[in-house]
């Protein structure tokens, strides 16, 4: 499965994947009222890009990670926080403890969870009124410069050359029209009204740093070796030869939240005992 590729090089993932912006972390912590005595569950933490800043609030953290190598690095990063633990398991079959959590967070990983059970499993793990927080990440057009958008247009031709599955003519969209589909969460009887907050930020990468980021993406890792090396070589040549050795990538992050409605018994078909 594509989601298994993230575990192939956990150290690269830890080094290359950026942390989440501080305003998002602060908004999430405030919504979940994180602090000593609060219980937080994170699903798919990777190596702890969001887990570590949340653990700093002093709450108890359980992080459920599918990949053993990612989990090992996350455990190392969480070493200073004795109230944090990392469990290696698929969330869909993980045996949740009987005491419910105050908040459940999934950062840039909700789409990897089985849609047949993911919301019920989340609701089963939360207390009544507990917060479900989904963090999404999109790559969007720059809000400050057009030169880097030109790079991504040039890069698209590299993808079309090396990956025949690439749709032709793709271009970055502005952040304003981009929005994650919240219909699944809004339609669930187990969660209340959905709220969405958004932040954009720009990160400048050298050619080496940008290639490292790309190699943490499942689609790039899944390419045949010849195609992958050809693609990365072409992209490196673009950055170093036409764009002065650096490009800027604009990220849009969304924080999507909803609270568990009271009065619904657990409906998950997976045993938690």
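Against the test of being farther than 30 Å from residue 211 by Cα, out of contact with any strand residue (DSSP E or B) (no Cβ under 9 Å at 6 or more places or on another chain) and either without any contact (Cβ under 8 Å) to a residue 60 or more places away in the chain or surrounded by fewer than 16 Cβ atoms within 10 Å (Cβ to Cβ) (or both), the options 82, 97 yield a single qualifying residue, 82. Could you tell me which of the residues 202, 254 is buried (at least 18 other Cβ atoms within 10 Å of the Cβ) and in a strand (DSSP E or B)? So the residue among 202, 254 that is buried (at least 18 other Cβ atoms within 10 Å of the Cβ) and in a strand (DSSP E or B) is 254. The residue of the range 66-79 that is nearest to residue 254 (Cα to Cα), among those that are touching a residue at least 12 places away in the same chain (Cβ under 8 Å) and in contact with a strand residue (DSSP E or B) (Cβ under 6 Å, 6 or more places away or on another chain), is 74. Looking across the range 51-65, the residues that are in contact with a helix residue (DSSP H, G or I) (Cβ under 7 Å, 6 or more places away or on another chain) and either farther than 21 Å from residue 196 by Cβ or surrounded by fewer than 24 Cβ atoms within 10 Å (Cβ to Cβ) (or both) come down to 51, 52, 53, 57, 61, 63, 65.
Of everything in the range 171-185 that is outside any loop (DSSP other than H, G, I, E, B) and touching a residue at least 12 places away in the same chain (Cβ under 8 Å), the residue that is surrounded by the most Cβ atoms within 10 Å (Cβ to Cβ) is 185.
Only the coordinates and a few stated rules stand behind these numbers; no lab work does. Quantities reported herein were computed from a predicted structural model and do not represent experimental measurements. Cβ coordinates were reconstructed from backbone atoms using ideal geometry, including for glycine residues, and neighbour counts include every protein chain displayed.
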